[in-house]
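Undergrad: There's a structure below that I have some questions on.
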Amino acid sequence: MNRGDDRTGLPDGQVARELADAMEAHVRGVHAGPGMAGAVRDRHRTRRIWFRTAGAALVTVAIAGSVPVYLAVNAGPPSSVAGPASRTGSDSLAVAVREVTVPEVVGLSADKAVAVLEQAGLAAAVEGDGGAAGQVARQDPAAGEKVGEGRTVTLVVVEIPAERPTPTPDPSEGEDAPMPQDLGDLGDGRKFGGVEFAHLPEGLKWGEWSVKDGFGTTSYSTSWAEPGLDPGMYSVQAVVYHGDAAARTTARMRGYRDQGAEPVTIDGKRVYIVRTGEAVGRIEESGTPTAIWTERKGLVVEIMMSPDYFDRLGEREAQAEMRRIVEGVTPEK
Amino acid sequence: MTEEDEAAFDEFLAARSTALLRTAILVCGASQHDAEDLVQNALEKVYRHWSRIRHDNPDSYARRVVVNAAISVSRRRKVIREITFARPPDTPADSPDLDLRDALVAELRRLPARMRAVLVLRYWEDLSEAETAALMGCSAGTVKSQAARGLARIRERMGTREGVLG
């Protein structure tokens with residue numbers, strides 16, 4: 001190749017200009033669609049650890065005095081909290097639900113507001129960094145709106161500056177509030193809540209958090225993630241339900257059946273494998289892949305796979321992994 | 001995230017998402033569909049930290065996330081890309097049905113990802129060496145040498161297309 005000729009015939013500046021023109025021509029016709037914002041927010045929701053599945057159950061926890069757990073779980077940085085429920089299109093529940101009127105809770109303390117919503121048959125999602133004693137600054141949907149029973153009302157809770165009852169050091173001062181550690185160090189995370197997970201997809205590591213009663217009394221949850229995911233993100237999450245929390249899941253499973261889902265039999269377990277959306281109990285085509293079954297009386301296990309992870313594995317492999325995880329679950333002796 | 005934050009995020013996307021998408025297409029050499037996926041993913045990261053970064057040059061943050069994602073996607077996609085756009089390495093891009101611009105873009109795609117990113121940022125986005133360096137997390141010297149080597153490679157391969165660029 002005659003480099004000398006190239007150098008004299010084609011100076012860098014000219015190549016750069018021609019290249020710039022070529023690049024411009026290549027992408028000139030490209031425009032981001034109007035759906036970008038919605039798609040980004042959807043992605044944000046589906047990537048978040050699944051704390052909203054059991055919205056109604058969470059409220060029960062609040063009544064039982066465990067608000068701090070719920071708040072701790074949801075007290076991550078405001079930026080990491082799912083967008084307002086109004087954006088999720090969850091108004092159109094497929095399952096027939098009773099309509100209720102949203103009560104006014106602005107101005108109440110967070111725990112009181114959660115209790116009031118529970119009484120009205122609604123769930124609550126708490127955003128902001130006000131803590132359990134913080135004050136509700138905004139609510140969505142607004143007071144007076146008619147919504148389906150069980151609908152999640154998003155509360156933005158702010159700190160009441162004058163009187164913080166316990167001036168505990170604020171762990172959320174940094175960018176990310178710590179994840180709850182209700183069960184302590186779980187090692188590889190495969191044993192918790194009285195259940196053992198013999199199989200997890202290769203490469204997943206315990207997510208180093210756990211929550212007790214975050215999904216009703218008594219429930220346990222943790223997750224596993226691919227290395228390199230940001231804190232608060234999961235690849236696979238599991239919830240183990242006992243007692244009252246387990247009983248509550250049966251209505252959800254019945255709901256799946258009513259929406260046309262058929263349980264599949266895996267290793268003698270009758271498992272509902274569905275993709276669930278933002279609204280509690282609602283099956284949605286692009287929702288979070290979920291498997292839920294009654295392991296034995298009073299013990300229900302639910303496994304959720306992050307839609308991102310599902311896509312990465314590919315549908316076939318992801319489904320196969322779900323089955324393997326389900327097969328590997330055994331009650332601890 | 002306040003309502004004002006949400007509204008500001010919408011505004012930001014309206015103003016910037018097309019440019020980010022174009023950058024992603026050029027840097028990772030992917031189709032619009034794949035680039036959209038990548039940009040949505042990157043913007044999710046922006047959204048996650050939005051209330052904190054919105055007042056602190058979110059555009060530069062977003063661009064950094066998009067470029068980094070595009071580079072790593074491009075590395076993962078390398079094999080596929082090589083198959084799609086394959087020509088034996090020393091064959092000149094002289095296929096008569098490729099016009100000059102297509103040929104240039106094809107050559108651009110054959111460069112290593114970081115080198116390609118430097119060319120896109122320097123010559124298409126028209127960033128300075130210092131800006132490009134800050135965005136890519138390397139020194140201005142690296143930007144300078146990568147840009148020069150990238151152009152030289154393209155020039156070399158295109159050079160055999162007699163008189164086309166001359």
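Laboratory data are not the source of any read-out in this text; all were calculated from the coordinates shown. Predicted model only: the values in this text are computed from it and were never measured. A quick note on method: Cβ atoms are made from the backbone with ideal geometry, for glycine too, and the neighbour counts reach across all protein chains shown.
Undergrad: Residue separation times 0.36 nm, minus the C-alpha to C-alpha distance between B:Ser31 and B:Ser60: what's the value?
TA: Working: separation 29, 0.36 × 29 = 10.44 nm, distance 2.35 nm.
Full-extension gain reported as 8.1 nm.
Undergrad: Assigning unit charges at the beta carbon (Lys, Arg +1; Asp, Glu -1) and nothing else, what dipole magnitude in debye, to the nearest 20, does region B:1-84 show about its Cα centre? Provide the component values of the computation, followed by the final result.
TA: Values: 13 positive and 13 negative charges, 146 e Å.
In debye, rounded to 20, region B:1-84 gives about 700.
Undergrad: Let me ask something additional. Can you list the lysines whose alpha carbon sits under 19 Å from that of A:Lys191, skipping same-chain ones fewer than 8 residues off?
TA: By straight Cα distance, A:Lys191 reaches A:Lys205, A:Lys212, A:Lys333.
Undergrad: Which residue, chosen from A:Val240, A:Trp209, A:Ala225, occupies the Cα position most advanced towards the positive end of the dipole of region A:191-331, where the dipole is computed from +1 (Lys, Arg) and -1 (Asp, Glu) charges on Cβ about the Cα centre?
TA: Farthest towards the positive end: A:Val240.
Undergrad: What is the local net charge at B:Glu3, summed over the other residues whose Cβ is closer than 11 Å to its Cβ (Lys, Arg +1; Asp, Glu -1)?
TA: Working: positive: A:Arg138; negative: A:Asp140, B:Glu4, B:Asp5, B:Glu6, B:Asp10.
Cβ neighbours under 11 Å give a net charge of -4.
Undergrad: May I pose another question? Using θ = phi - 60° and the Karplus curve 6.51 cos²θ - 1.76 cosθ + 1.60, what whole-Hz ³J(HN,Hα) does each residue of region A:323-333 get, with Gly and Pro shown as x?
TA: 4, 5, 4, 4, 4, x, 7, 9, x, 5, 6
Undergrad: State the Cα centre-to-centre distance between region A:27-45 and region B:37-69 in whole Å.
TA: About 13 Å separates the Cα centre of region A:27-45 from the one of region B:37-69.
Undergrad: Which ³J(HN,Hα) values, rounded to whole Hz and listed in residue order, are derived for region B:140-157 from phi using the Karplus coefficients 6.51, -1.76 and 1.60 in 6.51 cos²θ - 1.76 cosθ + 1.60 with θ = phi - 60°, glycine and proline given as x?
TA: Result, rounded to whole Hz: 4, x, 5, 4, 4, 6, 5, 5, 5, 5, x, 4, 4, 5, 5, 4, 4, 6.
Undergrad: Using Cβ counts within 10 Å as a stand-in for footprinting exposure, how do B:Tyr61, A:Tyr309, A:Tyr241 rank, fewest first? Walk me through the intermediate numbers first.
TA: Numbers: B:Tyr61 19, A:Tyr309 23, A:Tyr241 29.
Ranked by crowding around the Cβ, least crowded first: B:Tyr61, A:Tyr309, A:Tyr241.
Undergrad: Then there is this: Please order B:Glu44, A:Glu149 by the number of other Cβ within 10 Å, starting at the fewest.
TA: Values: B:Glu44 20, A:Glu149 15.
With the sparsest Cβ surroundings first, the list reads A:Glu149, B:Glu44.
Undergrad: 5 Å is the cut-off here: which amide hydrogens, built 1.01 Å from N in the peptide plane, fall below it relative to A:Ile266, excluding neighbours closer than 5 in sequence?
TA: A:Val271
Undergrad: Residues with beta-carbon under 11 Å from that of A:Arg324, excluding A:Arg324: net charge, scoring Lys, Arg +1 and Asp, Glu -1?
TA: Working: positive: A:Arg323; negative: A:Glu202, A:Asp267, A:Glu317, A:Glu321, A:Glu327.
Once positives and negatives cancel, what remains is -4.
Undergrad: Now for a different question. In whole Hz, with x marking every Gly and Pro, tabulate ³J(HN,Hα) for region B:4-14 from phi via Karplus 6.51 cos²θ - 1.76 cosθ + 1.60, θ = phi - 60°.
TA: 5, 4, 4, 5, 5, 5, 4, 4, 4, 5, 4
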